[in-house]
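S.K.: One structure, pasted below without further comment.
Read-outs throughout are calculated quantities, based only on the coordinates presented, and are distinct from any laboratory measurement. Worth saying up front: this structure is predicted, and the values here are computed from it rather than measured. Note that we place each Cβ from the backbone using ideal geometry, even for glycine, and neighbour counts take in every protein chain shown.
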Amino acid sequence: MAQMNMIEAIRSAHDVMMDRDSSVVVLGEDVGYFGGVFRCTDGLQRKYGEHRVIDAPISEGGIIGAAIGMGVNGLRPVAEIQFADYIYPGFDQIVSELARLRYRSSGDFFSPVTIRTPCGGGIRGGQTHSQSPEGIFTHVTGIKTVMPSNPYDAKGLLIAAIESDDPVVFFEPKRIYNGPFDGDPEKPAVSWGSHPKGEVPEGYYTVPLGQAEIARAGEELTIITYGTLVHVAIAAAEATGVDCEVVDVRTLSPLDVATLADSVKKTGRCLIAHEATRFSGYGAELAATIQKECFYQLEAPISRVAGWDTPYPHAFEWQYFPGLKRMSAGIRRVMEAE
Amino acid sequence: MNSKSRLQIPRPTARPGEKPDFSYLDLSPAGSIDKPPIDARTRDIEHLSGGLVRVLDEDHSAKGAWNPNFDANQLQVGLRWMLLNRVFDERMWQIQRQGRISFYMQATGEEAVSIAQGMALRPGDMCFPSYRNQGLFMYRGVKLVDMMCQCLSNTRDMCQGRQLPIMYHTKTGNVFSVSGNLGTQYPHAVGWAMASAIKGEDHIAASWVGDGTTAEADFHHALTFAAVYQAPVILNVVNNQWAISTFQGTAAGQRRAFAARGLGLGIPGIRVDGNDFLAVYSASLWAADRARRGGGPTLIELVTYRGGPHSTSDDPSKYRPKDEWLSFPLGDPIERLKQHMIAEGHWSDARHESLVDELRTEVTAAWKEAQKHGTMTEGPWLDPATMFDDVFAEAPRNLDSQRRRMLEVERGE
């Protein structure tokens with residue numbers, strides 16, 4: 001098995017699917033000749049040609065709108081939006097068209113578009129390169145929302161997304177493209193080289209959509225999270241000495257309620273963590289779901305660690321980001337509650 | 001403060017109570033615009049976006065290079081479908097006024113757009129319509145009864161009660177699902193056309209928006225993509241002068257013709273008399289042939305007039321002269337084609353009346369049949385459990401449990 005970082009795993013997913021299925025096409029800004037600003041599509045145009053790996057104008061609404069039309073005409077488009085912060089010009093096409101086409105036409109029309117987009121902070125990107133807008137998309141029924149936390153899942157989930165006849169918005173936490181990140185920016189960068197989830201098969205495999213995974217087994221407290229914060233949560237469990245079970249949601253919508261609820265029923269305590277702002281965030285849906293499913297097993301109020309309700313502040317990134325300190329404080333808060 | 005404002009606010013030439021004034025419309029005499037070869041360079045045919053392609057003259061003859069030289073049968077086919085569109089609209093309007101459907105939109109005065117363009121396209125070409133293209137659905141084989149059942153949201157509704165009336169679709173007829181969001185279909189058409197080119201097929205796509213929608217971002221996204229990749233697509237702007245109460249000047253139609261919107265991108269534009277059945281057909285066929293042979297997109301502006309209210313929820317007497325349509329210099333597309341056919345000796349008032357009667361009977365029969373599948377007040381009823389279908393290819397657990405919960409509540413549990 002090969003060792004890959006997340007970029008290589010995502011590139012490999014494209015390669016596998018473009019090789020298997022001639023209807024798979026890729027479009028986006030800088031994705032073709034250059035291979036993408038994060039290199040996720042590097043080499044694909046050389047291999048599959050410029051009619052299947054298409055450099056697009058700077059027009060997110062146009063990229064998504066055109067991808068929908070391509071999907072209706074039998075192609076299986078993978079559209080890259082260069083940063084999740086730039087996805088909003090295409091939002092109407094996603095919400096009003098892509099998400100509802102199957103429904104409004106009673107299944108006669110659908111468009112199997114996958115929209116890939118790098119998200120999240122921790123990269124000194126300021127407010128236009130650090131956002132985590134996943135909660136805006138999980139609120140839209142008719143699309144699936146995915147965020148992997150490691151190379152193995154990234155490849156398997158992306159292949160599943162491309163194969164899905166439902167539209168998928170696929171968020172890539174760019175802070176962990178090159179290596180896992182435990183939330184402490186002072187530590188030297190770590191690569192995926194020795195991480196078990198950096199072992200990625202070169203060929204075809206899928207990680208099914210709609211299934212959460214236990215990223216760290218534990219007995220005292222359940223941390224429900226996804227993306228970069230999976231690694232922060234695992235590090236915080238070690239740092240605090242609390243035996244946390246870390247559940248990696250992976251597919252945010254549709255949600256694998258059973259895996260989450262089973263864990264909280266076992267531990268009796270629940271901390272929910274995401275980078276996105278707290279108010280009306282995705283964590284609120286998780287909290288409501290856990291409250292309903294696990295009310296009689298809960299020994300403490302469900303708590304959240306999230307981005308503060310401010311725009312992403314460039315100079316105060318490490319006060320804003322739910323890193324090791326904030327995650328550890330959150331764990332202690334839930335453990336101390338009676 | 002207002003007296004000092006130097007802002008220009010566009011105004012229509014006439015408001016209620018004032019004399020209609022269409023002096024702002026640039027007209028060209030029938031037959032006066034040349035018809036270039038389909039491989040002409042955009043820069044050599046820029047004048048097509050400023051003139052007005054017309055075939056039918058004031059004396060009801062057909063003139064010039066754009067005359068498609070239809071035989072009697074082709075003319076009758078066109079007239080029949082335009083008339084059916086109008087008769088259907090009249091009946092559905094009345095049905096809405098009786099409270100038997102919730103909403104309706106007519107295409108009155110614009111019937112040549114859907115029918116002539118429908119005839120100019122091939123069955124394998126994909127149409128991405130606006131909400132006023134019901135004629136396309138009819139021409140492409142959707143039965144009247146099925147259109148009515150859609151408007152009734154009944155058990156035979158193609159949308160299973162999920163869409164407002166008139167938001168039809170037909171997979172087999174290659175007409176896309178109508179969206180209530182304006183202009184979103186434009187980039188879909190371009191993407192569909194790009195896919196056709198990628199697959200090496202010779203099908204083209206066509207889409208329609210109104211003059212008001214040219215201000216939407218999707219209009220510009222679509223034009224950019226169409227130009228960049230030379231997508232085989234016809235992009236139509238149906239300039240019916242009014243976007244609800246907003247006249248076309250508020251979409252900058254007073255500054256320059258909508259047909260010229262693509263010139264900066266190298267997309268040729270043709271401004272066509274949208275009420276001239278023959279001109280609409282001919283210009284559309286030209287653009288279709290050009291697209292099919294790799295010549296890329298064409299933007300067609302169809303100059304017409306919205307003869308009725310925007311929808312059943314609208315009252316145009318509040319914002320435009322009541323009789324404005326009667327003064328519209330391009331007249332009524334049905335009347336003009338009828339007079340041409342009479343002048344050519346193919347038609348008569350008597351035959352026309354008998355055709356109208358026949359179509360009314362057809363529409364009445366369809367309405368009778370449609371009601372058998374359920375009305376707003378009487379069954380049979382759609383099963384509400386179906387509202388959870390087709391959100392995804394397979395319903396996830398949350399939808400299944402919500403379906404069960406909804407049914408429990410309905411049963412009073």
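S.K.: Rounded to the nearest 500, what is the 222 nm mean residue ellipticity of chain B from helices alone, with -39500 (n - 2.57) per DSSP H run of 4+ residues and division by all residues? Provide the component values of the computation, followed by the final result.
M.R.: Details: 11 runs with 147 residues, N = 413.
That calculation yields -11500 deg cm²/dmol at 222 nm.
S.K.: With unit charges on the beta carbon (Lys/Arg positive, Asp/Glu negative), name the residue among A:252, A:234, A:185 whose Cα is farthest towards the positive pole of the charge dipole of segment A:184-286.
M.R.: The one lying farthest along the dipole's positive direction is A:252.
S.K.: Show which aspartates and glutamates lie in cross-link reach of residue A:155 when reach means a straight Cα distance below 14 angstrom and same-chain residues fewer than eight apart are skipped.
M.R.: A:8, A:15, A:163, A:172, A:199, A:202
S.K.: Then there's this: Compare B:269, B:253, B:183 in a GNM of chain B, Cα atoms joined below 10 Å, and give the one with the largest fluctuation.
M.R.: Ranking B:269, B:253, B:183 by mean-square fluctuation puts B:253 first.
S.K.: In addition: If a/c stays under 1.5 just call it rounded; otherwise compare a/b with b/c (prolate if a/b is bigger, oblate if not). Do that for segment B:319-383, with a ≥ b ≥ c from the square roots of the Cα gyration tensor eigenvalues. Before the final figure, lay out each step's value.
M.R.: Details: a/c = 4.49, a/b = 1.65, b/c = 2.72.
In terms of gyration-tensor shape, oblate.
S.K.: Moving on to the next point. Report the residues of segment A:19-37 in range of a label on residue A:47: point 7 Å along Cα→C-beta, backbone N strictly under 18 Å from it.
M.R.: Answer for this model: A:19-28, A:31-37.
S.K.: Classify segment B:278-407: rounded, prolate or oblate, from the alpha-carbon gyration tensor (a ≥ b ≥ c, eigenvalue square roots; a/c under 1.5 rounded; otherwise prolate if a/b is larger than b/c)?
M.R.: It comes out prolate by the Cα gyration axes.
S.K.: Binned at 20 Å from 0, what are the whole-percent values of the Cα-Cα distance distribution for chain A, short to long?
M.R.: Reading the bins upward from 0: 33, 58, 9, 0.
S.K.: Then there's this: Quick one: putting +1 on the C-beta of Lys and Arg, -1 on the C-beta of Asp and Glu, what dipole do you get for segment B:55-153 around its Cα centre, in Debye to the nearest 20? Walk me through the numbers on the way to the answer.
M.R.: Working: 10 positive and 10 negative charges, 97 e Å.
Its charge dipole is roughly 460 debye.
S.K.: If you don't mind, there's one more thing I want to ask. Quick one: angle between helix B:277-292 and the longest Cα principal axis of chain B, in degrees between 0 and 90, rounded to 10, please.
M.R.: 80 degrees
S.K.: Could you tell me the distance between the Cα centroids of segment A:243-271 and segment A:53-123, to the nearest Å?
M.R.: Measuring centre to centre over Cα atoms gives 30 Å.
S.K.: Moving to a separate point now. Can you compute log10 of I(q)/I(0) for segment B:12-165 with the Debye formula, treating each Cα as one identical point scatterer, at q = 0.17, 0.21 Å⁻¹?
M.R.: -1.15, -1.34
S.K.: I've got another one for you. Run through segment B:31-115 and list the trypsin sites (Lys or Arg not before Pro) located in a DSSP loop whose Cβ has at most 10 other Cβ atoms within 10 Å.
M.R.: In loop regions of segment B:31-115 (DSSP not H, G, I, E or B), there are no sparsely surrounded trypsin sites (Lys or Arg not before Pro).
S.K.: If you wrap a convex hull around the C-alpha atoms of the protein assembly as shown and split its volume per residue, what is the figure in Å³? Don't skip to the answer; put the middle values down first.
M.R.: Details: hull volume 138.7 nm³, N = 751.
Spread over its residues, the Cα hull of the protein assembly as shown gives 185 Å³ apiece.
S.K.: Oh, and also: Taking the Cα centre as origin and putting +1 on Lys and Arg beta-carbons and -1 on Asp and Glu beta-carbons, what dipole magnitude results for chain A, to the nearest 20 debye?
M.R.: Details: 30 positive and 43 negative charges, 35 e Å.
Roughly 160 debye for chain A.
S.K.: Comparing A:70, A:147, A:327, which has the greatest mean-square fluctuation in the GNM of chain A with Cα pairs linked when under 10 Å apart?
M.R.: A:70
S.K.: Taking chymotrypsin sites (Phe, Trp or Tyr not before Pro) as candidate sites, keep only those in a DSSP loop with at most 16 other Cβ atoms within 10 Å, then name the longest stretch of chain A containing none of them.
M.R.: Working: sites that count: A:33, A:34, A:204, A:205, A:279, A:308, A:316.
Counting only loop sites that pass the neighbour cut-off, the longest clear stretch is A:35-203.
S.K.: From the gyration tensor of the Cα coordinates in segment B:91-138, what semi-axes in whole Å does the equivalent ellipsoid have, largest first, with each one equal to sqrt(5λ)? Before the final figure, lay out each step's value.
M.R.: Details: eigenvalues 130, 23, 12 Å².
Values for segment B:91-138, descending: 26, 11, 8 Å.
S.K.: Here is a follow-up. I'd like the distance between the alpha-carbon centres of segment B:221-243 and segment B:24-99, rounded to an integer number of Å.
M.R.: Spelled out, the Cα-based centre of one part sits 19 Å from the other.
S.K.: While we're on this one: Name the long-range amide H neighbours of residue B:300: under 5 Å, sequence gap of 5 or more, or other chain; modelled H, no Pro or chain starts.
M.R.: The answer is B:235, B:236, B:237, B:270.
S.K.: Fewest first, what order do B:4, A:266 take by the number of other Cβ atoms within 10 Å? Don't skip to the end; give the middle numbers.
M.R.: On the way: B:4 5, A:266 15.
Result, fewest neighbours first: B:4, A:266.
S.K.: Answer with one residue from A:62, A:96, A:81: the one whose Cα lies farthest towards the positive end of the charge dipole of segment A:56-105, charges on Cβ with Lys, Arg +1 and Asp, Glu -1.
M.R.: It is A:96, whose Cα lies furthest towards the positive end.
S.K.: Let me ask something else about it. Among A:254, A:57, A:208, which one shows the biggest mean-square fluctuation in a GNM of chain A, springs joining Cα atoms closer than 10 Å?
M.R.: Largest GNM mean-square fluctuation: A:57.
S.K.: Output the Cα-based Rg and Dmax of segment A:114-223 in Å, rounding Rg to one decimal and Dmax to a whole number.
M.R.: Radius of gyration, then largest Cα-Cα span, for segment A:114-223: 15.0, 43 Å.
S.K.: Which cross-chain or sequence-distant (5 or more) residues have an amide H under 5 Å from the amide H of residue A:272, H modelled 1.01 Å from N in plane?
M.R.: Here A:224, A:303, A:304, A:305 satisfy the definition.
S.K.: Dividing the Cα radius of gyration by the Kirkwood radius, what Rg/Rh value follows for segment A:235-338?
M.R.: Details: Rg = 13.8 Å, Rh = 14.3 Å.
My calculation of the ratio gives 0.96.
S.K.: Remind me, what semi-axes does chain B give for its equivalent ellipsoid, largest first in whole Å, using sqrt of 5 times each Cα gyration tensor eigenvalue? Each step should come with its number before you reach the end.
M.R.: Details: eigenvalues 245, 135, 114 Å².
Equivalent-ellipsoid dimensions as semi-axes: 35, 26, 24 Å.
S.K.: Using the 2.2 N^0.38 Å rule of thumb for compact globular proteins, work out how segment B:289-355 stacks up: its C-alpha Rg over that value, please. Provide the component values of the computation, followed by the final result.
M.R.: Numbers: Rg = 17.8 Å, N = 67, 2.2 N^0.38 = 10.9 Å.
The value comes to 1.64.
S.K.: Determine the shape class of segment A:186-269: with a ≥ b ≥ c the square roots of the Cα gyration tensor eigenvalues, call it rounded for a/c under 1.5, and otherwise prolate if a/b is greater than b/c, oblate otherwise.
M.R.: Values: a/c = 2.23, a/b = 1.09, b/c = 2.04.
Since a/c reaches 1.5 but b/c is at least a/b, the shape of segment A:186-269 is classed as oblate.
S.K.: For segment B:246-333, run through the chymotrypsin sites (Phe, Trp or Tyr not before Pro) and keep only the ones in DSSP coil with at most 15 other Cβ atoms within 10 Å of their Cβ.
M.R.: Working: sites: B:247, B:258, B:277, B:281, B:286, B:305, B:319, B:325; in loops: B:305, B:319.
Here the chymotrypsin sites (Phe, Trp or Tyr not before Pro) that fit, given the DSSP loop and packing criteria, are B:319.
S.K.: Here is a follow-up. Looking at this model, which pairs from B:4/B:322; B:171/B:322; A:144/B:171 are more than 29 angstrom apart at the alpha-carbon? Could the numbers behind the result be given before it?
M.R.: Values: B:4/B:322 34 Å; B:171/B:322 39 Å; A:144/B:171 24 Å.
Checking Cα-Cα distances, B:4/B:322; B:171/B:322 exceed 29 Å.
S.K.: Right, next: Rounded to two decimal places and with Rh computed the Kirkwood way over Cα pairs, what is Rg over Rh for segment B:132-175?
M.R.: Numbers: Rg = 9.3 Å, Rh = 10.2 Å.
Looking at segment B:132-175, the ratio lands at 0.92.
S.K.: How large is ³J(HN,Hα) for each residue in segment B:199-214, as worked out from phi by the Karplus curve 6.51 cos²θ - 1.76 cosθ + 1.60 (θ = phi - 60°), to whole Hz, x for Gly and Pro?
M.R.: 7, x, 8, 9, 6, 10, 10, 9, 9, 9, 9, x, 4, x, 6, 4
S.K.: Once you charge only the Cβ atoms, +1 for Lys and Arg and -1 for Asp and Glu, what is the size of the charge dipole of segment A:1-107 about its Cα centre, to the nearest 20 debye?
M.R.: On the way: 10 positive and 14 negative charges, 89 e Å.
My answer is approximately 420 debye.
S.K.: In segment B:1-101, what GluC sites (Glu not before Pro) fall in a loop by DSSP, with at most 11 other Cβ atoms inside 10 Å?
M.R.: Hits after loop and neighbour filter: B:58.
S.K.: At a Förster distance of 35 Å, what's the computed FRET efficiency of residue B:346 paired with residue B:172, Cβ-Cβ distance as r, to 0.05? Intermediate values should be presented prior to the final figure.
M.R.: Values: r = 32 Å, r/R0 = 0.92.
Taking R0 as 35 Å, the efficiency between residue B:346 and residue B:172 is 0.60.
S.K.: If you stretched the chain out fully between residue A:127 and residue A:96, how much longer would it get, using 0.36 nm times the residue separation minus the C-alpha to C-alpha distance? The partial results should precede the final answer.
M.R.: Values: separation 31, 0.36 × 31 = 11.16 nm, distance 2.62 nm.
Stretched out fully, the residue A:127 to residue A:96 stretch lengthens by 8.5 nm.
S.K.: Ok, one more. Taking only DSSP H segments of four or more residues, each worth -39500 (n - 2.57), what value at 222 nm results for chain A once the sum is divided by all its residues, to the nearest 500 deg cm²/dmol?
M.R.: Numbers: 11 runs with 108 residues, N = 338.
Calculated at 222 nm, the ellipticity per residue is -9500 deg cm²/dmol.
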